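Asker: Have a look at this one.
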Amino acid sequence: MLSKPNILVVGAGYVGLATAVHLAAKKFQVTVTEKNHATVDSLKRGKLHFREPGLAQAFKRTIDAKRLNPVLPSKNIFEEADLIFIAIDSVDRSDWRMRLTAFERMANWIGGSKRRTPPTIVLKSTNVVGFADQFRSLLDQTPYGARVRLVVNPEFLREGSAYQDTAKPWRIIIGRHHKRDATRLLDLYRRVYPKSIPIVQTDLKSAELIKLASNVYLAHRLAFIHEITDFARMEQLDITSIQQGIGQDKRIGLDYFTPGLGFGGSCLPKDCRLINSAEGESGFTFETALTAMNINDRLLEYLMANLKYHLGSLKGKKIAILGAAFKPEIDDVRGSQAVKLANHLRRAGAKVNVYEPFLPHTKKIIKGDIPLVHNLDEALKGASAFVIGTAHQQFARLQPNHSAKLMKKRIGVDYFGILNRKKWEKTGFEIV
């Protein structure tokens, strides 16, 4: 075994940087490569390009200790690496088809040079079932690629705790064709993880499916509690006690069982689509994934109908959406239900103000080109209603008296349940 393997991480997103920083913190020398010049420059200065609690401090320490080296992609860094962690997408989200150009280039760089000891490639990002076999085929077409060892080691990170989840995983999944393919990765993990963490070894496709199926299950849990709370809301039932009454059953639990605007982000919606894009001829359809997505979409339709019921026509009405990130205390708006809602409202003729405290007001949210306002007061001023778009802690401290002075009407939508309903209703607000 190599005493100190040369480690390369491809991709400086949440998965790539969390992986790179964790290994560098364990005193391994790590190179992380990213194609975006501005991102590489920022990383070299010790600055992250996204908000992720806990990661920024650990990242700065590894940069200062010179154990983490951000660089642009080049052939030589691939040729020199012993372990190559690939943390970039293989799927174009515009049509959900595989895009192999970047992987073809990497395969040629890795398999194009003769090595005494073949490198090990570790696929970290989520892919369709069968992608690893496709990449294996690309490697086998190169002069020395057949000797390269390929492993699927999916991540199970949650944004907002990505670094903690990398450092303390609940389990480790390793997919490989032959036991020897995982030897170098297992040797590394024995040095950085305690023996108490379970390791499941399986084949490549099974490892790919484990990741997709895990996220589809979580999406279905969220869809279930949202459907229950939709009904409870229409019947004016006690949503909190219903959620607690179901979730306190230890067979069910309260994790991923919190009401809100639905699930979003870069993982759950994507994986519900990817699981039905398997590279095979089975024609199998995962109805669970389709159902979860349908319920998620329907939730916003119900919310729109709720606003119309209380405001009449939405045309010309000013609506404040408080929070655009897909989950609390982060700045990632990918797949955000709040952003989708803003677009629905604009198409209905409403004037929409979006305030996201973790993004600069100069930024525009790409989906729909939605501008962000400077502050909370600007968002609420003259609004006929506000909608809690993200359950950021600061919105739970929103004051009804101050809000009433700014707003045209006293209507609030809080599907997360973070506001003190009785306190707001005493001020004349209707919280729906």
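The values are calculated or read from the model by the stated rules, or taken from the named source; none is laboratory data. Note that the structure is predicted; figures quoted are calculated from it, not measured. Positions of Cβ are generated from backbone atoms using ideal geometry, with glycine treated the same way; all protein chains shown enter the neighbour counts.
Asker: Glu159 - would you say it is over 30 Å from Thr291 (Cβ atoms) and of a type in the set (Asp, Glu)? Spell out the reasoning first.
Answerer: Values: over 30 Å from Thr291 (Cβ atoms): no; of a type in the set (Asp, Glu): yes.
It is false that Glu159 is over 30 Å from Thr291 (Cβ atoms) and of a type in the set (Asp, Glu).
Asker: I need every pair where a residue in the range 227-244 that is modelled with pLDDT under 95 has its Cβ under 7 Å from the Cβ of a residue that is surrounded by 10 or more Cβ atoms within 10 Å (Cβ to Cβ) and of a type in the set (Ser, Thr, Tyr), sequence separation at least 6 or different chains.
Answerer: Short answer, once both residue conditions are applied: Asp230/Tyr302; Ile239/Thr229.
Asker: If you don't mind, there's one more thing I want to ask. Checking the structure you have, find out if any residue of the range 50-69 is without any contact (Cβ under 8 Å) to a residue 40 or more places away in the chain, on the phi > 0 side of the Ramachandran plot and among the charged types (D, E, K, R).
Answerer: The answer is yes, given that some residue of the range 50-69 is without any contact (Cβ under 8 Å) to a residue 40 or more places away in the chain, on the phi > 0 side of the Ramachandran plot and among the charged types (D, E, K, R).
Asker: Taking the range 190-206 only, how many residues are part of a helix (DSSP H, G or I), in contact (Cβ under 8 Å) with a residue 24 or more places away in the chain and not small (Gly, Ala, Ser)?
Answerer: Pass one, the range 190-206, residues part of a helix (DSSP H, G or I): 190-192, 204-206.
Keeping just the survivors that are in contact (Cβ under 8 Å) with a residue 24 or more places away in the chain gives 191-192, 204-206.
The next check asks that each one be not small (Gly, Ala, Ser); those that pass are 191-192, 204-205.
Going through the range 190-206 one residue at a time, the tally reaches 4.
Asker: Further question: Kindly state which helices (runs of 4 or more DSSP H) lie completely within the range 315-432 and contain at least 1 residues that are hydroxyl-bearing (Ser, Thr, Tyr). First the steps, then the outcome.
Answerer: On the way: elements: 337-347, 376-380, 393-396, 400-406, 421-426.
Of the helices (runs of 4 or more DSSP H) lying wholly inside the range 315-432, those with at least 1 residues that are hydroxyl-bearing (Ser, Thr, Tyr) span 400-406.
Asker: Given the criteria loosely packed, with under 12 Cβ neighbours inside 10 Å, modelled with pLDDT under 95 and either in contact with a strand residue (DSSP E or B) (Cβ under 7 Å, 6 or more places away or on another chain) or in the same structural domain as Ala324 (by TED's automatic domain parsing) (or both), does Gln248 qualify?
Answerer: Numbers: loosely packed, with under 12 Cβ neighbours inside 10 Å: yes; modelled with pLDDT under 95: no; either in contact with a strand residue (DSSP E or B) (Cβ under 7 Å, 6 or more places away or on another chain) or in the same structural domain as Ala324 (by TED's automatic domain parsing) (or both): yes.
Taking the combined requirement at face value, the residue does not satisfy it.
Asker: May I pose another question? Could you check the range 251-286 and list, in sequence order, the residues that are assigned to a helix (DSSP H, G or I) and either over 14 Å from Arg221 (Cα atoms) or among the basic types (Lys, Arg) (or both)? I'd like the intermediate steps shown before the answer.
Answerer: So in the range 251-286, the residues assigned to a helix (DSSP H, G or I) come out as 268-274.
If the condition is that a residue be assigned to a helix (DSSP H, G or I) and either over 14 Å from Arg221 (Cα atoms) or among the basic types (Lys, Arg) (or both), then Lys270, Asp271, Arg273, Leu274 are the ones that fit.
Okay, residues lined up against (1) out of contact with any strand residue (DSSP E or B) (no Cβ under 7 Å at 6 or more places or on another chain); (2) assigned by TED's automatic domain parsing to the domain that holds Asp82; (3) at pLDDT 95 or above; (4) surrounded by fewer than 18 Cβ atoms within 10 Å (Cβ to Cβ):
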{"site": "Ser137", "(1), (2), (3), (4)": "yes, yes, yes, yes"}
{"site": "Asp140", "(1), (2), (3), (4)": "yes, yes, yes, yes"}
{"site": "Leu157", "(1), (2), (3), (4)": "yes, yes, no, no"}
{"site": "Ala182", "(1), (2), (3), (4)": "no, yes, yes, no"}
{"site": "Arg190", "(1), (2), (3), (4)": "yes, yes, yes, yes"}
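Asker: Can you work out which of the residues in the range 370-419 that are polar (S, T, N, Q) and under 23 Å from the mean Cα position of the chain (by Cα) is farthest from Ala320 (Cα to Cα)? Break it down into steps so the answer makes sense when it comes.
Answerer: Here is the first cut: in the range 370-419, the ones polar (S, T, N, Q) are 375, 384, 390, 393-394, 399, 401, 403.
So of that shortlist, the ones also under 23 Å from the mean Cα position of the chain (by Cα) come out as 390, 393-394.
Numbers: Thr390: 12, Gln393: 17, Gln394: 15 Å.
Applying the filter and picking the extreme gives Gln393.
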